[in-house]
Amino acid sequence: MSRIGRMPIDVPAGVTVTIDEGNVITVKGPLGSLTKQFPTNITVAQEGNVLHCTRPNDSKENRACHGMVRAIVHNMVVGVTKGFQKDLDVNGIGYRVAMQGKELQLNVGYSHPVNVEPVEGITLECPAPNKIVVKGCDKELVGQVAARIREIRPPEPYKGKGIKYADEVIRRKEGKTGAKKK
């Protein structure tokens, strides 16, 4: 039995979970609404304020899906109650970010500023000239938007310049050394 798959999911007050035909699960809460379709071989059942995920047998496909379905449903419940957030840091001389209306404008060493349009359901914030905050209720979408922003100028290993996650550690390389003279 999957250790993650067999754990129950507590549904807090103010969150409604509906399970439709075809294993389509909709979770509504104070921060928004999320809908996803899951494999029909994993059964998600609601008993009061608790959700349980079960699988019909121990086939390889069912074992693989069991923990995944439970984790995604749990992330949906957490997303509509607390939300998810990714913090990005911008390092480099002259590198800065700013909000231009709803768009995020990045000056990260190119000859032109790069504008990032927000995706529906995601809010972009810029609390400081070198900080970016990506917030939303869909964990997958928050991670995807943060990865796309980081992709604009990934951190380089020599000086550490670029856009990195706040908790990311850049492995630094040693630069060239002078040639030895005889």
Looking at the range 1-78, what strands (runs of 3 or more DSSP E) fall wholly within it and have at least 1 residues that are open to solvent by less than 60 Å² (accessible area, probe 1.4 Å) and closer than 16 Å to Lys139 by Cβ?
-> 24-29, 32-37
Subset tally (residues that are assigned to a strand (DSSP E or B) and open to solvent by less than 30 Å² (accessible area, probe 1.4 Å)) for the range 129-147 | 4
Residue match in the range 63-75 (condition: at pLDDT below 90 and not basic (Lys, Arg)) | yes
Any chance Pro118 is open to solvent by less than 80 Å² (accessible area, probe 1.4 Å) and closer than 27 Å to Pro30 by Cα | yes
For the range 163-171, indicate whether the set of residues that are in contact with a strand residue (DSSP E or B) (Cβ under 7 Å, 6 or more places away or on another chain), of a type in the set (Phe, Trp, Tyr), in a strand (DSSP E or B) and open to solvent by 50 Å² or more (accessible area, probe 1.4 Å) is non-empty.
-> yes
So, of the residues in the range 148-162 that are assigned to a helix (DSSP H, G or I) and touching a residue at least 24 places away in the same chain (Cβ under 8 Å), which turns out to be surrounded by the most Cβ atoms within 10 Å (Cβ to Cβ)?
-> Ile149
List, please: which pairs have Cβ atoms under 6 Å, are six or more places apart or on different chains, and start with a residue in the range 123-147 that is hydroxyl-bearing (Ser, Thr, Tyr) and end with one that is open to solvent by 40 Å² or more (accessible area, probe 1.4 Å)?
-> Thr123/Lys135
Return yes or no: is Lys164 in contact with a Ser or Thr (Cβ under 8 Å, 6 or more places away or on another chain), under 26 Å from Asn75 (Cβ atoms) and of a type outside the set (S, T, N, Q)?
-> no
For the range 94-120, how many residues meet the condition of being in a loop (DSSP other than H, G, I, E, B) and in contact with a strand residue (DSSP E or B) (Cβ under 6 Å, 6 or more places away or on another chain)?
-> 3
Within the range 81-90, identify whether any single residue is exposed (fewer than 13 other Cβ atoms within 10 Å of the Cβ) and in a strand (DSSP E or B), and answer yes or no.
-> no
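The values are calculated or read from the model by the stated rules, or taken from the named source; none is laboratory data. Note that the structure is predicted; figures quoted are calculated from it, not measured. Cβ coordinates were reconstructed from backbone atoms using ideal geometry, including for glycine residues, and neighbour counts include every protein chain displayed. Heads up: the accessible areas ignore ligands, DNA and RNA and are worked out on the full protein's heavy atoms, side chains in. Shrake-Rupley method; radii C 1.70, N 1.55, O 1.52, S 1.80 Å.
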